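A.B. asks: First the structure, which I've put down as structure tokens, then a few questions once you've had a look.
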Amino acid sequence: MSPDILLFISDQHAPQYQAGGQMPVDTPNLAALQEQGTAFDAAYTPCPLCVPARMAMLSGLSPYHTGIFTNNDTLPQTTPTFLHAMAAAGYETVLVGRMHFIGPDQRHGFTRRVAPDFTNSGWVRPQKTLEQDFGVHTQTMGYKWCIDVVGGGASPVVCYDDMVLDALEQYLAQPHSKPQLIVVGTYGPHFPYVAPPELFLKYLKTAQLPATWQGNEPWLNAQQRNLQEPNTRAEIVLACQAAYKGLVEHTDGLIGRARAAFDVFTQNRGTPALFGYFSDHGDTVGEHGIYGKKSFFEKSVRIPMVFAGSGVAAQRITAPVSLLDLGPTVCDWAGADPLPEPDGQSLVAVLRGESADADRTVWSEIVDKLPQGGWTYSCMARHGQQKFITCHRDEIHNQLFDVIADPDETTNLADAQPDETAAFAAAAARRVDFAAAEALQKRHAAAAAVLAKAETGAGGDDRERYRDYPSAAKEAPQYCVTNLTSAPGKSQTYEFYGLPDVNN
């Protein structure tokens, strides 16, 4: 009998933020899932950015092979995804909520969608429309302005995610004849850093400044320095951390709802079940002076990955794995034909109790734009306890960390261990032509610009984006830190209101 499968993908969840983690959060549903199934403690995203990570996940191909390094890009229709493979095997492939597809193809192998996306689907992002939907939170969806409104109150993120779970529960309450592969996509705990008030205040009481919050490490590379928020303050870091923890706890509640509804669904059908939870990337939440994603620090590049269900062993796996492994694993578990030459690998044997490959090297990569112009390739390699980071044309700031002994990545070992650093650098150069990756992104950016102009002239189709937000979700939160001068190049001034004394 074909198993029914539900995959829950959140957005921007650093796995260190959970019960028993480095940054404790009350996540009883995730804890139960990990206790009953296989939890991968060293899972990494192929790119610490939404669209490249998701397109790599779906296709099983690294960003270097898809050519997708930014959020303004998409897979061509001729690139199959593991959803196509599952549909070919007789599955109904159902998308409930977010996947961040760009352009007219909003399926890429999904046979149906039962809840819209959070993000607009076009090549342009109309400012007026976004302001109508998100109000004061419009700018704070992006990392350069994400700390402009922080606190406890209503937000578009919580509103949207609750809608997604309502749609899932309604779908699972209906009869379905085909075997089901259901992918649930929420937007939280992605910023804006605004959590339900009671959760924000709960975690504000215990928030602590990370050791690296001022971001003054001399070994930071050019790409990392470009991501830094230069005007951050201690009170803002604490408020962001409290809000993020609150969003993680809210997401945990949604995981519990999804799993409970799926359990009833499969029990009624008498089918084997596989439930998986993961995220596309993490969030540094102020460490090294950086908020959000795009860096290769652990809280940005590591992701949660856990599976539970019929035949899944109860265990924790410390060997590195990749989000690229998701498609091969799902196809293998369901008996579907694999995609041709994926960069990921099936983890089915591991899920059934066999040992993971402890000698594996897992990679993550990005091509980013720097202030002086042009594109710069950066990548990360994780092998054993060590993690290597390099930035093209800034190799003098190569980095090597022991992420087990130094989880906050405060000590760069590159100079102290030159042989290991050189070996990683040579492996990175063999794997990817850095200049070729930058040229590839330049071509993709030029193509996206043409498509954006065409969409502006002809009009975009944004019917698959959720827009039914209540007015309270568009207003400043009840407890808030607000930037009064949110303009590039201007000195930032913050107003704090409704907040308890963060030192008490």
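The values are calculated or read from the model by the stated rules, or taken from the named source; none is laboratory data. Keep in mind it's a predicted model, so treat the numbers as computed, not measured. All Cβ positions, glycine included, derive from the backbone under ideal geometry; neighbour counts span all protein chains shown. The protein model used for the area step is the full one, side chains on, heavy atoms only, and it has no ligands, DNA or RNA in it. Shrake-Rupley method; radii C 1.70, N 1.55, O 1.52, S 1.80 Å.
A.B. asks: Can you confirm whether region 103-121 contains a residue that is among the hydroxyl-bearing types (Ser, Thr, Tyr), out of contact with any Pro (no Cβ under 7 Å at 6 or more places or on another chain), at pLDDT 95 or above and surrounded by 22 or more Cβ atoms within 10 Å (Cβ to Cβ)?
C.D. replies: Scanning region 103-121 turns up no residue that is among the hydroxyl-bearing types (Ser, Thr, Tyr), out of contact with any Pro (no Cβ under 7 Å at 6 or more places or on another chain), at pLDDT 95 or above and surrounded by 22 or more Cβ atoms within 10 Å (Cβ to Cβ).
A.B. asks: Which condition does GLN223 not pass, out of (1) surrounded by fewer than 22 Cβ atoms within 10 Å (Cβ to Cβ); (2) in contact (Cβ under 8 Å) with a residue 60 or more places away in the chain, if it passes all the others?
C.D. replies: (1)
A.B. asks: Go over the candidates SER10, SER62 one by one and state the one that is among the polar types (S, T, N, Q), touching a Phe, Trp or Tyr at 6+ places or on another chain (Cβ under 8 Å) and over 19 Å from THR186 (Cα atoms).
C.D. replies: Working: SER10 fails: over 19 Å from THR186 (Cα atoms).
Being among the polar types (S, T, N, Q), touching a Phe, Trp or Tyr at 6+ places or on another chain (Cβ under 8 Å) and over 19 Å from THR186 (Cα atoms) holds for just one of SER10, SER62, which is SER62.
Conditions (1) out of contact with any strand residue (DSSP E or B) (no Cβ under 8 Å at 6 or more places or on another chain); (2) farther than 19 Å from GLY135 by Cα; (3) modelled with pLDDT of 95 or more, marked per residue:
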residue: TYR160; (1), (2), (3): no, no, yes
residue: GLU169; (1), (2), (3): yes, yes, yes
residue: HIS176; (1), (2), (3): no, yes, yes
residue: GLN180; (1), (2), (3): no, yes, yes
residue: VAL183; (1), (2), (3): no, yes, yes
residue: GLY188; (1), (2), (3): no, no, yes
residue: VAL194; (1), (2), (3): no, no, yes
residue: LEU201; (1), (2), (3): no, yes, no
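A.B. asks: Can you name every residue in region 124-171 that is hydrophobic (A, V, I, L, M, F, W, C), in contact with a Ser or Thr (Cβ under 9 Å, 6 or more places away or on another chain), open to solvent by less than 20 Å² (accessible area, probe 1.4 Å) and not in a loop (DSSP other than H, G, I, E, B)?
C.D. replies: Listed by number, the residues that qualify are PHE134, VAL149, VAL150, VAL157, VAL164, LEU165.
A.B. asks: Can you work out which of the residues in region 439-471 that are open to solvent by less than 60 Å² (accessible area, probe 1.4 Å) and among the acidic types (Asp, Glu) is nearest to THR186 (Cα to Cα)?
C.D. replies: For region 439-471, the residue satisfying everything is GLU464.
A.B. asks: Also, quick follow-up: Counting only residues that are charged (D, E, K, R) and part of a loop (DSSP other than H, G, I, E, B), which one in region 374-395 is surrounded by the fewest Cβ atoms within 10 Å (Cβ to Cβ)?
C.D. replies: ARG393
A.B. asks: Considering only region 359-372, state which residues are more than 21 Å from ALA426 (Cα to Cα) and either open to solvent by 40 Å² or more (accessible area, probe 1.4 Å) or modelled with pLDDT of 95 or more (or both).
C.D. replies: Across region 359-372, the qualifying residues are ASP368, LYS369, PRO371, GLN372.
A.B. asks: Being at pLDDT 95 or above, open to solvent by 10 Å² or more (accessible area, probe 1.4 Å), within 30 Å of MET86 (Cα to Cα) and touching a Phe, Trp or Tyr at 6+ places or on another chain (Cβ under 8 Å) is the requirement here; does VAL96 meet it?
C.D. replies: Numbers: at pLDDT 95 or above: yes; open to solvent by 10 Å² or more (accessible area, probe 1.4 Å): no; within 30 Å of MET86 (Cα to Cα): yes; touching a Phe, Trp or Tyr at 6+ places or on another chain (Cβ under 8 Å): yes.
No; evaluated as a whole, the condition is false for this residue.
A.B. asks: Tally up the residues in region 11-49 that are outside any loop (DSSP other than H, G, I, E, B) and in contact with a His (Cβ under 8 Å, 6 or more places away or on another chain), please.
C.D. replies: 1
A.B. asks: Can you find, within region 1-60, the residue that is nearest to the chain's Cα centre (by Cα) among those that are open to solvent by less than 10 Å² (accessible area, probe 1.4 Å) and acidic (Asp, Glu)?
C.D. replies: Among them, the one singled out is ASP11.
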